[in-house]
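Some notes on the structure that comes next.
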Amino acid sequence: MAQRYKNQLVQLDDVILPYCDSACSHVYHLYVIQVPDPDKLLLHMDRHGITTARYYPCPLHLQQAFSSLGYKVGDFPVSEKAAGHALALPVNPFLTDDQQQYIIDTLVAFSHVK
């Protein structure tokens with residue numbers, strides 16, 4: 001499924017796909033993309049019957065549980081940017097090829113093709 005997402009979504013100029021070094025492997029229990037406005041895309045997908053998720057919209061250093069460490073916005077800009085743009089697409093062993101193609105087609109219709 002991850003390879004199908006990669007092959008068909010690489011054409012989108014406003015979607016950053018997950019990176020996996022060729023010397024490694026990944027189980028893709030989540031397939032998290034980076035998009036400019038994940039909340040807007042989440043609503044679009046939901047309107048089309050597709051459940052997506054923003055699992056960690058707040059980076060760890062800004063969560064209440066870690067407030068005693070004294071970190072503030074701007075201390076870890078890369079993690080803040082990643083958290084602000086991340087959206088997980090459906091990926092599970094019960095997803096059919098047709099269902100995944102519908103997800104891809106719906107995302108492509110929303111995004112900008114290169």
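The values are calculated or read from the model by the stated rules, or taken from the named source; none is laboratory data. These numbers come from a predicted model, not from an experiment. FYI the Cβ positions are ideal-geometry reconstructions off the backbone, even for glycines, and counts take in every protein chain you see. Ligands, DNA and RNA are stripped out before the accessible areas are found, and what is left, the full protein with its side chains, is counted by its heavy atoms. Shrake-Rupley method; radii C 1.70, N 1.55, O 1.52, S 1.80 Å.
Observations on the structure shown:
- The number of residues in region 21-80 that are among the aliphatic types (A, V, I, L, M), open to solvent by less than 50 Å² (accessible area, probe 1.4 Å) and over 13 Å from the mean Cα position of the chain (by Cα) comes to 1.
- Inter-residue pairs, beta-carbon under 8 Å, first within 14 Å of Ala83 (Cα to Cα) and in region 19-36, second open to solvent by 100 Å² or more (accessible area, probe 1.4 Å) and part of a loop (DSSP other than H, G, I, E, B), 6+ apart: Val32/Tyr55
- From the list Ala65, Ala88, Ala82, the one residue that fits, being under 21 Å from Leu42 (Cα atoms), in a helix (DSSP H, G or I) and without any contact (Cβ under 8 Å) to a residue 60 or more places away in the chain, is Ala82.
- Of the candidates Tyr56, Tyr19, the single residue that is more than 13 Å from Ile103 (Cα to Cα), touching a helix residue (DSSP H, G or I) at 6+ places or on another chain (Cβ under 9 Å) and outside any strand (DSSP E or B) is Tyr56.
- Residues that are open to solvent by 40 Å² or more (accessible area, probe 1.4 Å) and polar (S, T, N, Q), drawn from region 81-102: Asn92, Thr96, Gln99, Gln101
- Filtered residues of region 2-18 (kept if open to solvent by less than 70 Å² (accessible area, probe 1.4 Å) and touching a residue at least 60 places away in the same chain (Cβ under 8 Å)): Ala2, Tyr5, Gln8, Leu9, Leu12, Asp14, Val15
- Flag if Ile104 is at negative phi, at pLDDT 95 or above and not in a loop (DSSP other than H, G, I, E, B): yes
- Contacts under 8 angstrom Cβ, first residue in region 92-114 being β-branched (Val, Ile, Thr), partner open to solvent by 40 Å² or more (accessible area, probe 1.4 Å) and outside any loop (DSSP other than H, G, I, E, B), 6 or more apart: Ile104/Arg4; Ile104/Gln8; Val108/Gln8
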